[in-house]
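Okay, structure first, notes after.
Please treat every number below as a calculation from the coordinates, not as lab data. This one's a predicted model, so the numbers in the text were calculated from it and none came from an experiment. All Cβ positions, glycine included, derive from the backbone under ideal geometry; neighbour counts span all protein chains shown.
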Amino acid sequence: MTTQRGAFSGWEPVMLLGPLPGLAAVAALVLVSGIPTVTVLGVALIAYAVLWAGVTEAKAAAKSQVAVEERALELQDIVPISGFAATITVTQEVGFCPLGFRPGQTWQVDEYGKVSRPLCRPAMTALALGLEEAARGAPGDQVSCRCPLKQGEVVFAIGSPAT
């Protein structure tokens, strides 16, 4: 069974109903003390609205975090620089790469910036800078990209294109 993002998981209504017995007990005590029923109901309604707002805010924050993560690891297959073909090789992985980039993996970049297999946004940003430097006459340079989600770093070597 799949759960749609942003939909109730089933626990939110239970969580929202959980405080009701406590509110009922407080309401009963307040009624015994002579406070008007309208006042008690108003306070209970405000407390319930504050609780609902907290749940809604927590859901929005979680949804926003998912969107940030998806955008950070969005795969791209075009390097925003053209005119320079190269072979890209992973030379080092420090920590953990959630996309599984490992030393020895290679990609080809053609003169139009098309990459043989998609890479994540941080890798593409780092490679664009490295390819720009390599196009100026420094092939063999290395660039690194740091994962915005994990404490990992991947180092790429930029070399001459495979023949």
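In this simple spin-label model, placing a label point 7 Å from the Cα along the Cα-to-Cβ direction at both A47 and S160 gives a separation of 7.7 nm. Close amide H contacts of F84 (hydrogens built in the peptide plane, cut-off under 5 Å, sequence separation of 5 or more or a different chain): G113.
For chymotrypsin sites (Phe, Trp or Tyr not before Pro), the sites in segment 99-163 that DSSP calls loop and that have at most 13 other Cβ atoms within 10 Å are Y112.
What do you get for GluC sites (Glu not before Pro) in segment 90-143 restricted to DSSP loop and a cutoff of at most 13 other Cβ within 10 Å of the site's Cβ? Answer by residue number: E111.
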